[in-house]
1. Take the residues in the stretch 155-197 that are buried (at least 18 other Cβ atoms within 10 Å of the Cβ) and part of a strand (DSSP E or B); name whichever of them is farthest from the ligand (Cβ to nearest atom).
2. Of all the residues that make up the stretch 56-73, how many are more than 8 Å from the ligand (Cβ to nearest atom) and within 16 Å of the chain's Cα centre (by Cα)?
3. Has the stretch 128-149 got at least one residue that is within 15 Å of the ligand (Cβ to nearest atom), at negative phi, in a loop (DSSP other than H, G, I, E, B) and of a type outside the set (Phe, Trp, Tyr)?
4. Any chance the stretch 74-88 includes a residue that's surrounded by 18 or more Cβ atoms within 10 Å (Cβ to Cβ), at pLDDT 95 or above and more than 12 Å from the ligand (Cβ to nearest atom)?
Amino acid sequence: MCAASGDRTPPIRLSLRSRLIPLNLTLNLNLLLRTQGTGALMGKITIKQGDITKEAVDVIINAANTRLAGGGGVDGAIHRAAGPSVMEECRVIGRCPTGQAVMTGAGRLTAKKIIHTPGPVWKGGERGEADLLRDCYVNSFALAHKAGLKTIAFPAISTGVYGYPVKEAAIIAIDEGIRHLPWFEEIVYVCFSERDLEVYKKTYEGCRS
Ligand code: APR
């Protein structure tokens with residue numbers, strides 16, 4: 001677990017073998033199951049550079065805004081690649097508060113679904129930004145898990161127009177990835193720039209050691 005991220009328990013419960021158990025307990029259970037060699041819970045984390053719209057995963061995550069209105073950055077790229085059906089679904093949904101997540105189809109993308117989550121705007125770090133960014137990951141994972149989606153790709157939510165420092169954002173992103181690994185076959189972090197890729201790789205190594 002990533003030491004720099006604190007030990008806040010996520011505000012969700014995930015089912016494992018048809019029981020509802022707090023996530024911090026299921027992680028311990030996961031360790032136990034692994035040591036017993038069941039082989040049932042073996043997700044992997046991948047960190048790469050690229051365009052998330054090209055990812056052949058079950059679900060890609062969109063760094064949206066609360067109006068689900070589309071925009072620039074990864075949001076614009078996803079809507080352009082997916083086509084108008086996704087925006088139509090977003091209009092029907094209407095809004096999504098910061099840190100929450102909603103799911104639509106994926107239009108022309110290879111992915112089956114898109115989860116849209118508005119990250120926080122960075123205001124110096126004292127306005128609950130870290131908790132809200134963590135909520136984006138926790139709620140996206142919960143929605144994907146509930147829909148039975150096993151492979152999931154994230155962009156670096158909030159680190160573009162919204163100004164969240166990449167290193168701090170990467171710690172939260174990867175910490176939540178490690179916590180949710182038992183429920184996914186693959187969690188992919190797609191970094192757009194080489195600089196972000198290096199930050200993510202170093203953060204991942206730091207979280208593992
Ligand atoms: N694939 C992967 N990552 C991408 C892509 C892409 N095709 N395009 C941009 N990115 C990266 C950016 O380089 C940045 O690292 O996604 C990260 C998030 O940046 P933004 O897209 O600006 O998202 P965010 O900071 O969360 O701001 C959200 O921007 O476009 C608007 O509607 C969006 O208002 C919302 C705001």
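The values are calculated or read from the model by the stated rules, or taken from the named source; none is laboratory data. For clarity, every value in this text was computed on a predicted model and none was experimentally measured. Every residue, glycine among them, receives a Cβ derived from its backbone with ideal geometry; neighbour counts consider all protein chains shown.
1. ILE187
2. Qualifying residue count for the region: 7.
3. Scanning the stretch 128-149 turns up no residue that is within 15 Å of the ligand (Cβ to nearest atom), at negative phi, in a loop (DSSP other than H, G, I, E, B) and of a type outside the set (Phe, Trp, Tyr).
4. Within the stretch 74-88, one or more residues are surrounded by 18 or more Cβ atoms within 10 Å (Cβ to Cβ), at pLDDT 95 or above and more than 12 Å from the ligand (Cβ to nearest atom).
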